[in-house]
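Heads up: the structure comes next, in structure tokens.
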Amino acid sequence: MQYTSFDRLVKCRYDFQPTIEREKLLYTFIAPRDKKSFNRFISKAGEQPTFSLYAVLNSNDLVEKILQKYFQLNIELDIYIASKDSVSNLILLDLLETFILKNNIDFNLADYVDKVESKSKK
């Protein structure tokens, strides 16, 4: 699913959060969809001073600052779901869309996609 608005992704993250099982230490974060850009993003997130990787990824403000500083404005973004344990800050599980499908979760991602209206010919 392609998203075109950072603000819509933030709203989706916020609305999905109550469905996450707290005991599994799951969390969501926004990052580039492309694998190369994703890896670069995680590297930049890990370089942030005085913050753990989890703290950076869990902060919409910090994520947005990294995206604005190091990536093109039109980069395709998505929401990922990950797990945080006592040893690691990031155990990547899946794209949120895939996680929802695999776990049969009732959550409509289509509500968060920017709709592009088609222009009718006159």
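Where a number appears in this text, it was derived from the coordinates with a stated rule and is not lab data. Keep in mind it's a predicted model, so treat the numbers as computed, not measured. Don't worry about glycine lacking a Cβ; one is built from the backbone with ideal geometry, like all the others, and counts go over all protein chains shown.
Dipole check for region 6-108: with +1 at the C-beta of Lys and Arg, -1 at the C-beta of Asp and Glu, and the Cα centre as origin, the magnitude is about 300 Debye. When the GluC sites (Glu not before Pro) in region 34-99 are filtered for DSSP coil states and for at most 14 other beta-carbon atoms within 10 Å of their beta-carbon, the remaining sites are GLU47, GLU76. For region 6-108, what does the alpha-carbon gyration tensor say about shape, rounded, prolate or oblate, given a ≥ b ≥ c as the root eigenvalues, a/c under 1.5 as rounded, and a/b over b/c as prolate? Oblate is the answer for region 6-108, as a/c is 1.5 or above yet b/c matches or exceeds a/b. For LEU93, the residues whose modelled amide H falls within less than 5 Å of its own, excluding neighbours fewer than 5 places apart on the same chain, are ILE81, ALA82, SER83.
A simple spin-label model places pseudo-atoms 7 Å from Cα toward Cβ; at LEU95 and SER52 they are separated by 2.9 nm. Around the amide H of LEU77, modelled in the peptide plane, lie the amide H atoms of TYR3, ARG33, all under 5 Å away and 5 or more residues distant in sequence or on another chain. Pairs of lysines in region 6-108 whose Cα atoms sit within less than 27 Å of one another amount to 28, provided the residues are eight or more positions apart or on different chains.
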